[in-house]
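Heads up: the structure comes next, in structure tokens.
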Amino acid sequence: MIRKTHAAVAAVALLFGVPALAQSITLYEGEGFRGRAVTTDAPVRNVERLGMRDADSVIVDRGRWEVCELPRFEGRCALLRRGHYDSAQLGFDVQSARPANSRRRYDLEPQVSAAPLYEYRQRPAERVYTVPVSWSRAVVGQASQRCWIERQSVPVASSGQANVGGALAGAVIGGVLGHQIGGGSGRDAATAAGVVAGAAIGANQGGGSTVYGTQDVQRCTTANVGPPSYYEVAYNFRGVEHRVQMSQAPGATVTVNERGEPRM
């Protein structure tokens, strides 16, 4: 009988205990999974009780969790599945968290962050070192084409009106020049020809006016959209070149452990 009772208790514990143990979340005070961190499998009504101002990034280790922007699970709340999230995915800083209610429907279900996950917190009794960054670069998403319409002024026609003043001046000058050529009837013919040619040339100089209109012109440029997906960082530690991907931009140095892994 005692053995059967123990078996029944174990079955009940398994039935009711496993769901609780299957829930686990880690709250980070800083962006990019940095700063003070607390892992819990129990509801957190107010993260200030954990010594935090708020949680800017979250890792759901097991199960599904409800996180809210205000204490006592008030304000906007989101359903988080297993994975890691920063404030960009959440849309707010977390003030309270608890295992999700399977019967409740949530308006917000953020996508799990696609950026590489690095837990920078220093482990207990772990020795760390500061090393200079050799180089770093931001890696952005695929480029996209941005286009827009510009309205610009363009010549569309000319009025075609003759320049009367220019024609008269050209006729006088042409006549004077023609009169200096030849003599007798030849001089008269040259004078007449000069008048005609000068008038024609003068009429076309500065004559008429150009009519302008407007038209829409499409212009395009290629640009990268959105913030960097991650940062590729290189540093040398004990003669070995390390290259890592970080979710946040590095400074001039990085802190690493004995194996050269990044730490806070």
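Residue by residue, here is whether (1) touching a Cys at 6+ places or on another chain (Cβ under 7 Å); (2) at pLDDT below 90 holds:
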| site | (1), (2) |
| --- | --- |
| Met52 | no, yes |
| Arg62 | no, yes |
| Val67 | yes, no |
| Phe73 | no, no |
| His84 | no, yes |
| Gly91 | no, yes |
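Count of the stretch 228-259 residues, restricted to those that are among the aliphatic types (A, V, I, L, M) and modelled with pLDDT under 85, is 3.
To keep it simple, each residue is scored yes or no on (1) within 26 Å of the chain's Cα centre (by Cα); (2) open to solvent by less than 70 Å² (accessible area, probe 1.4 Å); (3) in contact (Cβ under 8 Å) with a residue 40 or more places away in the chain.
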site: Gly30; (1), (2), (3): yes, yes, no
site: Val38; (1), (2), (3): no, yes, no
site: Val47; (1), (2), (3): no, yes, yes
site: Val58; (1), (2), (3): yes, yes, no
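Condition check: assigned to a helix (DSSP H, G or I) and open to solvent by 30 Å² or more (accessible area, probe 1.4 Å). Does Ala88 satisfy that? Here the answer is yes, as Ala88 does meet what is asked. Screening Arg76, Arg53, Arg104 for residues that are in a loop (DSSP other than H, G, I, E, B) and closer than 25 Å to Ser247 by Cβ leaves exactly one candidate, Arg53.
Answer yes or no: is there a residue in the stretch 62-78 that is surrounded by 17 or more Cβ atoms within 10 Å (Cβ to Cβ), small (Gly, Ala, Ser), within 27 Å of Val256 (Cβ to Cβ) and within 28 Å of the chain's Cα centre (by Cα). Within the stretch 62-78 (the criterion being surrounded by 17 or more Cβ atoms within 10 Å (Cβ to Cβ), small (Gly, Ala, Ser), within 27 Å of Val256 (Cβ to Cβ) and within 28 Å of the chain's Cα centre (by Cα)), the answer is no, since none of the residues qualifies.
The values are calculated or read from the model by the stated rules, or taken from the named source; none is laboratory data. Not measured: the values here are computed from a predicted model. Note that we place each Cβ from the backbone using ideal geometry, even for glycine, and neighbour counts take in every protein chain shown. Surface areas here come from the heavy atoms of the whole protein model, side chains and all, with no ligands, DNA or RNA. Shrake-Rupley method; radii C 1.70, N 1.55, O 1.52, S 1.80 Å.
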